[in-house]
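What follows is a short report on a single structure.
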Amino acid sequence: MRLRQASSEPRRQPTHPPPPHSYPQLRGATVFFFAPPEVELGDAGMKEWCDWMGRRLAAEGGGESAGARSGRVRFKASTIDFSENKLSANGTKAVCNMLEKYGVRCDVLRLTGNNIGNEGARCIARYLMGSSQAPALELHLSRNRVTMDGVKWLLGCLALHPAYPVWNSDSQRFVPLWLKVENDKTKGASGYKALKSACKQLSCSVCLGETSGAAKCGPRQCVNGGCCDDLKHSCVAHLCGWDRSAASEPLPAPGAHARPMFDKPGRGAVKAPPSNAEAPLRDEPRLLYEDADLAVVLKPPGWSCLSQPTGLDPRWAKLSGLARRAKVGDLMCDAVVPALQAWLLLRFGADPTCDAARDQASDRGMAHRLDVDVSGPLLVGKTLRGYEHAKRQIVLGVLKDYVALVHGTFSTDRGECTAPIDSSRYESEKRVRVSAEGQPAITVWEVVAEYECPETQEAYSLVHCRMVTLKTHQIRAHMHHLGNPVVGDPVYGEGGPPEWCPRLFVHKLRLGFFGVEGEARFETCSLQTAPDLWSSDGVSTRIIRSRAFTNAFRAFQNALRRLRRPRHPQEPPDLRDSRFIRTRLCPRSGLVLGPPSAACGRSEAWPPRAAARLGCEGARASAGAWGAGCRRRAHGPPRGEDGVALSPEWAGGVGESEGGRSQRRRAYR
């Protein structure tokens, strides 16, 4: 059934909705939103139409106005089509807000031939990443004003998202979003070069449309070799129709979905402390990115972001370079938690162009904050112009991904928490509470791995969180509300932090924003940039020591080797203490469990599909075998279709050719 634009006059909408007897039954039905081109629907008309449709959806939903709070899809639309109209950013924002508010999911979102630019693409990206269920399977944005920065923003929001690529239950594969965004601004060799650069920076991939025999890529299937497995990959979109020449270099191949969480530290690596800091109590902040107006700073734990701190001397900006470095060393060794603004003043204050760092009213350029015990990237303004732009970016919404280790396990591999958060008592109690009187808050989460202590049988889960909103203590309050408090949380957790956890186990993984000139920027800080949660010398390594499973066939190989040789920083992930064992990896993470070492009588090679089947369906490793330096599956060796145990030399699926196994290995390296 259709919900058509009833008015025949251009740019005008009916003041009143149709009579009740003409309402189609929306609950549980498949509907079709459609505005014909002759209506020439503009932003004002779209806002009026969204108000009218919102009243209808609220009536059908029993008076509920926030569909997202149910944590599920409330209305299903086969197609939402507003093509060939005159929508720009405001109209796009109105329709996306309405769809998100009432929990409307669609198969096809068609906005072809409008005036939508990068700001409109930003609104669409917020709608796409606002739920743990994919709100759309196809997105058509051709013949708009979206530039390559808008395309990069869309890809960056899809990358690492729990809902994308989408799991197709019919083909038992993860299928990328079907994205059509061709226009004059994305054509040619320059567009292809920008696309390749974006994929490399985002550690993701796109498929430009491939053919394998009679099969070819489509909205519900992908025949790309790196996507043809039941493990979640990093190919987030189909960009069919994209211009590419035969001589152009190929785009990055799909890899493990969760790879950026455990990748190399890059520019976020710990720097050598100043010479006067003999026994520093905290690491020095690191500069990840800067231009003339903005900078991204990696805040280590132990630095405060409270507004308008005291004890900052404006004369620090006039010190010599050596004197400023010595002052940084003093801050690193100070028993009192120093303010991050002090480091900003010392780092940028001497530059005559960085007026925000010397301005106390602008809080030395601090645009947003993190808790003292949380590490991750922060956006700061170097100039007053950059500071004001950064504040606007926070209001419009920046992309924020977090990684947290929580107590217990979840019944599902992904989900969302939409409990409102009341922060009215934060100033007096230094904590927030979940209450119906609070402000809307949405956290979309996905389980990456689960761990178990064989001594206490206590379980832990490594969770990736996409923050749709960002309220005070949102992750901590939402995880506590779900019954899985964050490890090391003294406020919302039960009892004191465990002895192996040095701090609150929350790390900000990624930050995305638009620069002053309109360029899309993403800065990723993997767990390797948090040495106390990663380093082999840190006590938290007893819980997790991970990197990307770029080689998905050797996830369990280091148990016997860890006492024989030093661990290389690029080894596959593994647990580093005999008291903790990894019991499960979420198949949606793209990571797999490998077999015991060949020294235990098993093959070194291990097929991802078999590893996912054996390692992700409730299997538990034997604690006694771990203590003896050998891990065994509770249900024994892999077996074929006839139930007979397969030999140690078996390295592929039953009936799988050697060529198929080689192709799969290449896809996940």
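For region 428-544, what value does the Rg/Rh ratio take when both radii are computed over Cα atoms and Rh is the Kirkwood radius, given to two decimals? Mind showing how you got there, number by number?
Details: Rg = 16.2 Å, Rh = 16.2 Å.
Taking Rh as the inverse mean 1/r over Cα pairs, Rg/Rh reads 1.00.
Two numbers describe the Cα atoms of region 205-264: Rg and Dmax, which are 12.5, 40 Å.
In terms of the mean number of neighbouring beta-carbon atoms within 10 Å, the peptides 377-388, 165-176 order highest first as 377-388, 165-176. Residues of region 304-318 with an amide N closer than 13 Å to a point placed 7 Å from the Cα of residue 360 along the Cα-to-Cβ direction: 308-316.
Within the full protein context, the accessible area of residue 325 is estimated at about 90 Å² for a probe radius of 1.4 Å. Principal axis extents of the C-alpha atoms in region 369-458 (largest first, rounded to whole Å): 55, 30, 25.
The stretch between residue 391 and residue 435, if pulled fully straight at 0.36 nm per residue, gains 13.1 nm over its current Cα-Cα span. Computed over the Cα atoms of region 281-438, pair by distinct pair, the Kirkwood hydrodynamic radius stands at 17.4 angstrom. With θ taken as phi - 60° and the Karplus curve 6.51 cos²θ - 1.76 cosθ + 1.60 applied, the whole-hertz 3J(HN,Hα) list for region 266-283 is x, 5, x, 5, 5, 9, 5, x, x, 5, 7, 8, 6, 9, x, 8, 7, 7 Hz, x standing for glycine and proline. Computed over the Cα atoms of region 161-221, pair by distinct pair, the Kirkwood hydrodynamic radius stands at 13.5 angstrom. With a threshold of 32 Å on the Cα-Cα distance, the over-threshold entries among 86/193; 93/193; 76/430; 187/471; 76/232; 47/471 are 76/430; 187/471.
For a paramagnetic label modelled on residue 243 (point 7 Å from Cα along Cα→Cβ), amide N atoms under 20 Å away belong, within region 172-187, to 179-187. Sequentially through region 406-417, phi angles give Karplus couplings (6.51, -1.76, 1.60; θ = phi - 60°) of 10, 6, x, 10, 10, 6, 10, 7, 8, x, 8, 10 Hz, Gly and Pro residues having no value and appearing as x.
Using the alpha carbon gyration tensor of region 262-322, what are the three equivalent-ellipsoid semi-axes (square root of 5 times each eigenvalue), largest first, in whole Å?
After diagonalising the Cα gyration tensor, the semi-axes are 22, 17, 15 Å.
Subtracting the Cα-Cα distance of residue 336 and residue 428 from their residue separation scaled by 0.36 nm leaves 31.0 nm. The alpha carbons of region 394-447 stretch over 34, 30, 20 Å along the principal axes, in descending order. Enclosing the Cα atoms of region 248-369 in their convex hull gives a volume equal to 158 cubic angstrom per residue.
The Rg/Rh ratio of region 44-169, with Rg taken over Cα atoms and Rh as the Kirkwood radius over Cα pairs, comes to 0.95. Based on every Cα atom in region 177-304, Rg and the maximum pairwise Cα distance Dmax equal 20.3, 68 Å. The gain in end-to-end length when the residue 220 to residue 275 segment is fully stretched comes to 13.9 nm, 0.36 nm per residue minus the alpha carbon separation.
Taking 30 Å as the straight-line reach from the Cα of residue 327, the lysines in range (excluding those fewer than 8 positions away in the same chain) are 264, 271, 299, 318, 382, 391, 508.
The values are calculated or read from the model by the stated rules, or taken from the named source; none is laboratory data. Remember, it's a predicted structure, so these values are computed and weren't measured experimentally. Cβ coordinates were reconstructed from backbone atoms using ideal geometry, including for glycine residues, and neighbour counts include every protein chain displayed. Please note that ligands, DNA and RNA were not included when accessible areas were found on the heavy atoms of the full protein model with its side chains. Shrake-Rupley method; radii C 1.70, N 1.55, O 1.52, S 1.80 Å.
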